[in-house]
Amino acid sequence: MNLDTIKKNYARMNNIRLLELANAPKGLAFEVLPLLREELEKRGYEKEAHKITEYLEKSDSETQEEVLGDEFKEHGLRIFQVIAEEEKEKGALAETIMSLKEEGLSEEEIKQKMKREHDLDQQNFDEIKSSQRMYGRIQKRFGIGVAIIGFVIFLIMLDGRTFFASPFLLLLIGLSLFLNGKRKIKLNK
């Protein structure tokens, strides 16, 4: 596209045709719009020239948003995958720490083994233990809540003389969550 030729064409156009182009900037290439704006300004069509300027600014910001959106799609989703993989790895390390604790190893032996086999430093070791204690407390509370719901459903069903297995299932799930949470807290003190 030769911009000098386009500039000359705009200079030769009659006012009506130039204003028609100014009212439909979407149909024009982005590169020629400043030339159209310049010609409109020369002829005293300040209002139309200003509309072209606004369109250019709006288009520029939308283009930037599209580029950023594309970059996020390409790279941002990868970030979420990396975070998920890190969390999965931390979960596996936490399970390893808890099993070593259940085997009877001392805290110092566990730290040394984790450092040697998984290159886990003191800060990450403490972070994993702390997060497991927090997850344990959450699991205990959630387990209690599920068990209470199961028990309430059981009591309601007694009144109606009906029997369903769901309240017992909820009680078992709640108890399992509670015990697993208690285990996490105990093994990560």
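In the set Phe151, Phe142, Phe164, only one residue is under 30 Å from the mean Cα position of the chain (by Cα), farther than 24 Å from Glu86 by Cα and aromatic (Phe, Trp, Tyr); that residue is Phe142. Consider the range 88-123 and keep the residues that are in contact (Cβ under 8 Å) with a residue 12 or more places away in the chain and not aliphatic (A, V, I, L, M). The one that is surrounded by the fewest Cβ atoms within 10 Å (Cβ to Cβ) is Glu102.
Of all the criteria given as (1) touching a helix residue (DSSP H, G or I) at 6+ places or on another chain (Cβ under 6 Å); (2) exposed (fewer than 14 other Cβ atoms within 10 Å of the Cβ), the one not satisfied by Pro167 is (2).
Does Leu158 qualify as being without any contact (Cβ under 8 Å) to a residue 12 or more places away in the chain and surrounded by 15 or more Cβ atoms within 10 Å (Cβ to Cβ)? The answer is no for Leu158. The single condition among (1) surrounded by 15 or more Cβ atoms within 10 Å (Cβ to Cβ); (2) within 30 Å of Leu105 (Cα to Cα) that Ala147 does not meet is (2). In the range 26-43, of all residues being hydrophobic (A, V, I, L, M, F, W, C) and assigned to a helix (DSSP H, G or I), the one that is modelled with the lowest pLDDT corresponds to Phe30. Reported count of residues in the range 1-31, each being over 16 Å from Lys58 (Cα atoms) and aliphatic (A, V, I, L, M), is 9.
The values are calculated or read from the model by the stated rules, or taken from the named source; none is laboratory data. Note that this is a predicted model, so its numbers are computed, not measured. We place every Cβ from the backbone using ideal geometry, glycine too, and count neighbours over all the protein chains shown.
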